[in-house]
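Below is one structure, written out as structure tokens; comments come after it.
The values are calculated or read from the model by the stated rules, or taken from the named source; none is laboratory data. Every value quoted in this text rests on a predicted model; they were computed, and no experiment measured them. Neighbour counts are summed over all protein chains in view; Cβ atoms, including those assigned to glycine, are modelled from backbone coordinates with ideal geometry. Just so you know, the surface numbers come from the protein's heavy atoms only, side chains and all, with ligands and any DNA or RNA stripped out. Shrake-Rupley method; radii C 1.70, N 1.55, O 1.52, S 1.80 Å.
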Amino acid sequence: MGRILLMLLSLIISAQSFSQSNGAITGITFDTSLRQSVPNATITVLKKNDSSLVTFTIADNDGRFELRKLPNG
């Protein structure tokens, strides 16, 4: 489970660094060891410099999520 969270956090951080003003991130939470999606997972976006919360969402029953209107940086 720790590998999943680390992989998801890396995905979110790298996607955030390429986002423009009013950017968006979409994805699917996935457990690589069980080879299935992770429903109802919490996805958070944090500021790199101080780790403050930018936004968050919860994945749906299929593990899909979308974060919209992300600020630049």
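Some points to look at:
- Residues in segment 18-35 that are of a type outside the set (D, E, K, R) and either in a loop (DSSP other than H, G, I, E, B) or open to solvent by 100 Å² or more (accessible area, probe 1.4 Å) (or both): Phe18, Ser19, Gln20, Ser21, Asn22, Thr29, Thr32, Ser33, Leu34.
- Residue count for segment 50-60, restricted to those that are polar (S, T, N, Q) and either loosely packed, with under 13 Cβ neighbours inside 10 Å or touching a Gly at 6+ places or on another chain (Cβ under 9 Å) (or both): 2.
- Pairs, first under 18 Å from Asn72 (Cβ atoms) and open to solvent by less than 90 Å² (accessible area, probe 1.4 Å) in segment 38-49, second assigned to a loop (DSSP other than H, G, I, E, B) and hydroxyl-bearing (Ser, Thr, Tyr), C-beta under 7 Å, six or more apart: Leu46/Ser52
- Residue in segment 61-73 that is of a type in the set (D, E, K, R), out of contact with any strand residue (DSSP E or B) (no Cβ under 8 Å at 6 or more places or on another chain) and open to solvent by 40 Å² or more (accessible area, probe 1.4 Å) present: no
- Qualifying positions in segment 1-55 - hydroxyl-bearing (Ser, Thr, Tyr) and either modelled with pLDDT under 85 or over 11 Å from the mean Cα position of the chain (by Cα) (or both): Ser10, Ser14, Ser17, Ser19, Ser21, Thr32, Ser33, Ser37, Ser51, Ser52
- Among the residues of segment 28-72, those that are at positive phi and among the charged types (D, E, K, R) comprise Arg35, Lys69.
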